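Heads up: the structure comes next, in structure tokens.
The values are calculated or read from the model by the stated rules, or taken from the named source; none is laboratory data. Keep in mind the model is a prediction, meaning the values are calculated, not measured. Every residue, glycine as well, gets a Cβ built from its backbone with ideal geometry; the counts of neighbours run over all protein chains shown.
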Amino acid sequence: MLYVDEVNLLPDTLVDLLLDVAASGTNIVERDGISHSHPARFSLIGTMNPDEGELRPQLLDRFGLCLEQAGSISIDERIAIVQQREAFDRDPAGTLQNYEHAQAALAERIAKAQRLLKEITTDSWVYRTIANRCEAAGVEGLRADVTWHRAAQAHAAWRGVGGVEQQDIDTVEPWVLAHRRTQPPEQSPLSSPTNQTPSQGEGGSSAANNAPSGGTSSQRGEQGQWGAMPPTAQASISQPALKLPDSDEFAQRGKRAHTAASAGKGGALGQGRSQVTTSRLDGFATIIANRGQWPWQQLKMRKARAGQATAHLVLLDTSGSTLGQRLLGQAKGLVESLVTQAYAAREQVAVLGFGNGGVVPILSRRRAPKNARGTLDSAKGGGGTPLREAIIEAKRLIRQWQRREPGLKVRTYLITDGRTRETVDDLAPLEECLLIDTEQAKVKRGQGARIAQQLGARYWPASFGKPSLAHTVSAHQPGNFS
């Protein structure tokens, strides 16, 4: 048995190693002059807190069953736990003896179920029922089907019956689908949540649940209800709604924009900046290189990891001016697209909302989740536009992250309609920043372009309901702000 605490926080290198060993049954050790291999067959048990980051899909699907632990327990349960702990501290042997009969009965029941398991029968309707439910849940691959059959058979053996029944299928369903489901239980794979209005579908949407009574959903959205405007699928914008620029393109354009904004203030970005290198001594390599000589003639440093960690910081304008014309819902669709692409790249993401007179975290920094729609939908909009406060907070977070993780690359996305009287020309430019202008007025004020120039950021106008965003931005050359 291999138990891993906080398995979702394992580095990718260890996850790859686990997958390789699980598939091959052999663990190979190559390090510091050691070359060794040995058989390794194990059952993996892991615990995790989903709020701290999701598990890699390749490893997540390898877990057959998933049990969700409730976040809180009742008062009576708390009291019982404390009393049992006190009883054990006073008399460990006596406490164990009190549970000896129950433990023996449980062990005997498990042994009986193990003997009965080979005799369990499975009718044809069971296979079809499981297959239909897996399809409705939108699971990927066939591991769910196989695990569901085995778990249902084990549950039938546990109950002491001769074949799988409906209650066995129903009992193990949440354990099999908890970490594999991609479709809500109320929806079929063919239904689209973005096409439903608050009055459609079972349970409706958060707009119907959170908005005050009276008026249509669009009217309630105008009144400042964030829940009335869920992230949209952006049918008028090519999918994906916003493609993340690659590293070279982002750095090149960010550098030119920064240089243009800071002309005459000390030269171009990057001059005098050395590359990030590791300062850790590789003792083994140093000894080999010096061949026993003392003092050492040369030092060997540990090689830096290939590639560079990337974190995406999204600043989302949630002020009252974005509540009209469904701009906030469309902007949330852009954020959702960014998170989805960061998830595919296994990169980290953080989302800050600025509105209601303050800056609030919508999604704390973590490995990008597979689905951020619920998190985005839970935030609130309205009030003024504290742009300066958002920029200052972003700079503080970037400094903090890079101080802890030297070499971390942070890309900032400022999504706003530019409707603010604040100026940021006295603030230092943001490195690798992209301003996405969501202003859709017929007569544009052009504030987004001005803010982008002040921050030394790239400028992308989001043309919702017009030609695709990808076509729109392709006409803007590096460093252009109009």
So which residues in region 418-447 are modelled with pLDDT under 80 and hydrophobic (A, V, I, L, M, F, W, C)?
441, 443
Yes or no: region 185-204 includes at least one residue that is under 19 Å from residue 60 (Cα atoms), of a type in the set (A, V, I, L, M) and modelled with pLDDT under 95.
no
For region 122-138, which residues satisfy the criterion of being more than 20 Å from residue 164 (Cα to Cα) and buried (at least 19 other Cβ atoms within 10 Å of the Cβ)?
137
Among the residues of region 410-435, the number that are in contact with a Ser or Thr (Cβ under 8 Å, 6 or more places away or on another chain) and part of a strand (DSSP E or B) is 7
Taking region 164-183 as the search range and keeping residues that are exposed (fewer than 15 other Cβ atoms within 10 Å of the Cβ) and of a type outside the set (S, T, N, Q), which one is farthest from residue 59 (Cα to Cα)?
170
Subset of region 112-133 (residues that are basic (Lys, Arg) and assigned to a helix (DSSP H, G or I)):
112, 115, 128, 133
Conditions first: (1) in contact with a strand residue (DSSP E or B) (Cβ under 6 Å, 6 or more places away or on another chain); (2) closer than 22 Å to residue 180 by Cα; (3) surrounded by 14 or more Cβ atoms within 10 Å (Cβ to Cβ). Residue 21 passes all but one, so which condition is the exception?
(2)
Residue 34 passes all but one of the listed conditions (1) of a type in the set (Val, Ile, Thr); (2) within 26 Å of residue 366 (Cβ to Cβ); (3) without any contact (Cβ under 8 Å) to a residue 40 or more places away in the chain; the exception is number (2)
Among 144, 111, which is the only one that is touching a Cys at 6+ places or on another chain (Cβ under 7 Å) and aliphatic (A, V, I, L, M)?
144
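Every residue, every condition in (1) under 35 Å from the mean Cα position of the chain (by Cα); (2) closer than 25 Å to residue 109 by Cα, yes or no:
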site: 119; (1), (2): no, yes
site: 127; (1), (2): yes, no
site: 138; (1), (2): yes, no
site: 144; (1), (2): yes, no
site: 151; (1), (2): yes, yes
site: 155; (1), (2): yes, yes
site: 171; (1), (2): yes, yes
How many of the residues in region 139-157 are surrounded by 15 or more Cβ atoms within 10 Å (Cβ to Cβ) and over 15 Å from residue 122 (Cβ atoms)?
3
Residue list for region 297-353, restricted to those being farther than 17 Å from residue 390 by Cβ, modelled with pLDDT of 75 or more and in a loop (DSSP other than H, G, I, E, B):
297, 298, 299, 300, 309, 345, 346, 347
In the set 458, 450, 404, the lone residue that is closer than 25 Å to residue 368 by Cβ, at pLDDT 85 or above and not hydroxyl-bearing (Ser, Thr, Tyr) is 458
Conditions first: (1) at pLDDT 85 or above; (2) farther than 30 Å from residue 50 by Cβ. Residue 365 passes all but one, so which condition is the exception?
(2)
Failed item, numbered, when residue 72 is tested on (1) modelled with pLDDT of 95 or more; (2) among the polar types (S, T, N, Q); (3) not assigned by TED's automatic domain parsing to the domain that holds residue 156
(1)
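Let's see how each residue does on (1) part of a loop (DSSP other than H, G, I, E, B); (2) under 20 Å from residue 420 (Cα atoms):
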position: 363; (1), (2): no, no
position: 376; (1), (2): no, no
position: 382; (1), (2): yes, yes
position: 385; (1), (2): yes, yes
position: 391; (1), (2): no, yes
position: 401; (1), (2): no, no
Against the condition touching a helix residue (DSSP H, G or I) at 6+ places or on another chain (Cβ under 8 Å) and surrounded by 24 or more Cβ atoms within 10 Å (Cβ to Cβ), how does residue 419 come out, does it pass?
no
Residues of region 74-95 classified as aliphatic (A, V, I, L, M) and touching a helix residue (DSSP H, G or I) at 6+ places or on another chain (Cβ under 8 Å), total
1
Residue hits (region 425-435; surrounded by 20 or more Cβ atoms within 10 Å (Cβ to Cβ) and on the phi < 0 side of the Ramachandran plot) are 429, 430, 431, 433, 434, 435
Against the definition (among the hydroxyl-bearing types (Ser, Thr, Tyr), in contact with a strand residue (DSSP E or B) (Cβ under 9 Å, 6 or more places away or on another chain) and assigned by TED's automatic domain parsing to the domain that holds residue 318), how does residue 337 come out, yes or no?
no
Those helices (runs of 4 or more DSSP H) lying entirely in region 2-111 with at least 1 residues within 30 Å of residue 173 (Cβ to Cβ):
12-24, 57-60, 75-90
Within region 339-351, the residues that are surrounded by 23 or more Cβ atoms within 10 Å (Cβ to Cβ) and touching a Leu at 6+ places or on another chain (Cβ under 6 Å) are 351
Which residues, taken from region 124-160, are among the β-branched types (Val, Ile, Thr) and in contact (Cβ under 8 Å) with a residue 40 or more places away in the chain?
126, 129, 139, 147
